[in-house]
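Data first, discussion second: the structure below is written as structure tokens.
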Amino acid sequence: MAAFIINGTTYVPANSVPTGSRAVVVVDRGWIFAGDVTREDGRIRISRAVWLFKWESCGFAAVIENPSKADIRPIANIDMPAGAEIFSVPVHDQWGL
């Protein structure tokens with residue numbers, strides 16, 4: 001569902017607002033994962049993880065807004081060095097599940 005504007009104020013669906021630690025994490029070598037992210041001791045741990053495998057006919061921003069446009073696959077929890085992260089995007093708690 002898209003945002004809408006009333007009297008100059010933009011409203012978005014509550015389920016599209018990041019509320020916790022879930023994020024889409026882009027890492028080196030082109031891998032893209034999503035999950036509940038914990039960063040400590042130079043490591044990134046992603047639980048309830050999914051792998052953003054591929055998408056077509058839209059850009060990355062559209063996939064973040066609507067994950068049903070992508071091929072998202074379950075994957076085991078991830079533990080990687082913090083230096084592998086290129087960037088991350090906070091997402092709502094059920095993104096990609």
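No lab work stands behind these numbers, since they all come straight from the coordinates. Computed from a prediction, not measured in an experiment: that's the story for all the values here. Cβ: placed from backbone, ideal geometry, glycine included. Neighbour counts: every protein chain shown.
Numbers below:
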item: Backbone HN-Hα couplings from phi across the stretch 83-97 [Karplus 6.51/-1.76/1.60, Hz, Gly and Pro as x]; result: x, 6, 6, 8, 6, 9, 10, x, 9, 5, 5, 10, 4, x, 8
item: For ILE86, distant residues with modelled amide H under 5 Å away; result: VAL26, VAL27, ASP28
item: DSSP-loop GluC sites (Glu not before Pro) across the stretch 44-97, with at most 12 other Cβ within 10 angstrom; result: GLU56
item: Three-way shape label, the stretch 16-90, alpha-carbon gyration tensor, a/c 1.5; result: prolate
